[in-house]
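The values are calculated or read from the model by the stated rules, or taken from the named source; none is laboratory data. Source: prediction; values computed, not measured. Here the Cβ positions follow ideal geometry from the backbone for every residue, glycine too, while neighbour counts run over all protein chains shown.
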Amino acid sequence: MDLKEINKKYDLELNKVIKEIKKNKAQLVLLQFPDGLKPYATDIVDYLEEKTKAEFIIWFGSCFGACDTPVLGKNLEKKIDLIIQFGHNEMMPEY
């Protein structure tokens, strides 16, 4: 599925994501997705890589909300400039 098809189902607010990455001059960004959006994670990363100079890590562990922050280990945590969590409530598909 390409990004146009994904945007028909979900409002990912990728322009806001890009703006935040650039504002923070983030070089390494961790992305968290709920299970329903995980199948689209690599397509989203491909798009974000085209629009920014950042590198991305996709967290495939659990993501049950903003309080569900991944435990990465101190070395990796120091390298990550920004964590972006995609929520599910406001991104339910429109049929």
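Odds and ends about this structure:
- Residue in the range 34-55 that is assigned to a strand (DSSP E or B) and in contact (Cβ under 8 Å) with a residue 24 or more places away in the chain present: yes
- Looking only at the range 27-39, and only at residues there that are touching a helix residue (DSSP H, G or I) at 6+ places or on another chain (Cβ under 8 Å) and crowded, with 20+ Cβ neighbours inside 10 Å, the one that is farthest from A54 (Cα to Cα): L37
- Note on the range 24-39: residues that are farther than 11 Å from F60 by Cα, out of contact with any Lys or Arg (no Cβ under 8 Å at 6 or more places or on another chain), at pLDDT 90 or above and not charged (D, E, K, R) total 3.
- Residue ID - surrounded by the most Cβ atoms within 10 Å (Cβ to Cβ), chosen from residues in the range 1-10 that are within 16 Å of G87 (Cα to Cα) and out of contact with any helix residue (DSSP H, G or I) (no Cβ under 6 Å at 6 or more places or on another chain): K9
- Scanning the range 53-70 for residues that are buried (at least 18 other Cβ atoms within 10 Å of the Cβ) and modelled with pLDDT of 90 or more gives A54, F56.
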